[in-house]
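Colleague: Here it is: the structure, laid out below.
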Amino acid sequence: QVQLVESGGGSVQTGGSLRLSCVVSGSTFGAYAAGWFRRAPGKEREFVATINISGTGIQYTDSVKGRFTISRDNSKNTMYLQMNSLKLEDTAVYSCAMAPIYSGLTSGRALYWGQGTQVTVSS
């Protein structure tokens, strides 16, 4: 059974930082593209960042460019999201996902999803 477990969420003031982790078990993480998504209260889920299998292909949604960094360590079956200069509008439940094909991941076409971790940014 494939499981994705996120951690690292919490409450932080504007301008602060958090580092999310996504640990994968039950499958070979290195065989999948992966990404981070978020859902804010009352809004649709949106992609935040995606990364291909080797880590050489990365995409960010415009609102987080220059502030967030996605990375992965296939040897540890883990993906990360470093979030700096956090803003109120970054408040959301952040989930990680895996997909066999990288190109569709930004559209949410993922095979496996984690349960999510709450990130709350306050002033």
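Colleague: Filter the range 23-64 for residues that are under 14 Å from Met83 (Cα atoms), out of contact with any Lys or Arg (no Cβ under 8 Å at 6 or more places or on another chain) and of a type in the set (A, V, I, L, M, F, W, C) and give the result.
Modeller: Hits for the range 23-64 are Trp36, Ala49, Val64.
Colleague: While we're on this one: In the range 29-45, what count of residues is obtained for those that are outside any loop (DSSP other than H, G, I, E, B) and in contact with a strand residue (DSSP E or B) (Cβ under 6 Å, 6 or more places away or on another chain)? Full working, then the answer.
Modeller: Let us first name the residues in the range 29-45 that are outside any loop (DSSP other than H, G, I, E, B), namely 29-31, 33-39.
Subsequent filtering for residues that are in contact with a strand residue (DSSP E or B) (Cβ under 6 Å, 6 or more places away or on another chain) retains 33-39.
Of the residues in that region, 7 qualify.
Colleague: Right, another one. Residue pairs, Cβ under 7 Å, 6 or more apart or interchain, first in the range 85-108 and within 20 Å of Val23 (Cβ to Cβ), second assigned to a helix (DSSP H, G or I). List them.
Modeller: Going by the 7 Å Cβ cut-off, the qualifying pairs are Ala99/Leu105.
Colleague: Another question about this same structure. Which of the residues that make up the range 88-111 are closer than 27 Å to Gln13 by Cβ and exposed (fewer than 15 other Cβ atoms within 10 Å of the Cβ)?
Modeller: Leu88, Glu89, listed by residue number.
Colleague: Moving to a separate point now. Only one of (1) assigned to a loop (DSSP other than H, G, I, E, B); (2) without any contact (Cβ under 8 Å) to a residue 60 or more places away in the chain; (3) over 20 Å from Ser21 (Cβ atoms); (4) open to solvent by less than 80 Å² (accessible area, probe 1.4 Å) is not met by Ser63, so which one is it?
Modeller: (1)
Colleague: Of the residues Gly16, Gly55, which is in contact with a Ser or Thr (Cβ under 9 Å, 6 or more places away or on another chain), open to solvent by less than 70 Å² (accessible area, probe 1.4 Å), free of Cβ contacts under 8 Å to residues at least 24 places away in the same chain and not in a strand (DSSP E or B)? Full working, then the answer.
Modeller: Details: Gly16 fails: free of Cβ contacts under 8 Å to residues at least 24 places away in the same chain.
The match here is Gly55.
Colleague: Kindly indicate whether Ser85 is more than 26 Å from Ile53 (Cβ to Cβ) and more than 14 Å from the chain's Cα centre (by Cα).
Modeller: yes
Colleague: Tally up the residues in the range 28-50 that are open to solvent by less than 30 Å² (accessible area, probe 1.4 Å) and in contact (Cβ under 8 Å) with a residue 40 or more places away in the chain, please. So that I can check it myself, show each step before the final result.
Modeller: First, pick out the residues of the range 28-50 that are open to solvent by less than 30 Å² (accessible area, probe 1.4 Å): 29-30, 33-38, 40, 48-50.
Filter once more, so that each one left must be in contact (Cβ under 8 Å) with a residue 40 or more places away in the chain: 29-30, 33-38, 40, 48, 50.
Of the residues in that region, 11 qualify.
The values are calculated or read from the model by the stated rules, or taken from the named source; none is laboratory data. These numbers come from a predicted model, not from an experiment. Please note: Cβ atoms are built from the backbone with ideal geometry, for glycine as well, and neighbour counts cover all protein chains shown. Each accessible area value is taken on the protein alone, full model and side chains, heavy atoms only, with ligands, DNA and RNA left out. Shrake-Rupley method; radii C 1.70, N 1.55, O 1.52, S 1.80 Å.
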